[in-house]
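Some notes on the structure that comes next.
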Amino acid sequence: MSNSIDTNALLVQLRTMARDAGIPAAVEPSQSDAKAFSDVLKASLQDVNQRSEVARELSESFEAGDPNVELSDVMVAMQKARVSFEALTQVRNKMVSAYTDIMNMPL
């Protein structure tokens, strides 16, 4: 009996699960296609806003009695929006903390 873990098989399973969940594959950025931090931040803000809009639209459709909208879809969309917003808030807090640390450094 061996206690070793096949890391390649585990990595393949994780990538498959991520793809099935709709998470895009991580790509190693090269120098030519590396994005500026501001572009990444802007895209993240737009993604959080989009998730919030989708949740709001589903909620309004459900409240209006749309038979094509399930309560479970509304709840999942609302939780995705909430988690995305909380993650964005934590990133903002870390950025403010880092800025404060840099500003307090002695010259």
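The set of residues in the stretch 67-107 being farther than 22 Å from L41 by Cβ and open to solvent by less than 60 Å² (accessible area, probe 1.4 Å) consists of V69, V74, A77.
Looking at L58, is it more than 27 Å from L11 (Cα to Cα), surrounded by 10 or more Cβ atoms within 10 Å (Cβ to Cβ) and at pLDDT below 90? In short, no. L107 fulfils the conditions (1) part of a helix (DSSP H, G or I); (2) over 23 Å from A21 (Cβ atoms) except for a single criterion, (1). Listed by first and then second residue, the pairs with beta-carbon distance under 9 Å, at least 6 apart or on different chains, first residue in the stretch 83-107 and closer than 14 Å to F37 by Cβ, second not hydroxyl-bearing (S, T, Y), are V91/L41; M95/L41.
The values are calculated or read from the model by the stated rules, or taken from the named source; none is laboratory data. Remember, it's a predicted structure, so these values are computed and weren't measured experimentally. In this analysis, Cβ positions are derived from the backbone assuming ideal geometry, glycine residues included, and neighbour counts consider all displayed protein chains. In case anyone asks, the SASA skips ligands and DNA or RNA and just uses the protein heavy atoms, side chains included. Shrake-Rupley method; radii C 1.70, N 1.55, O 1.52, S 1.80 Å.
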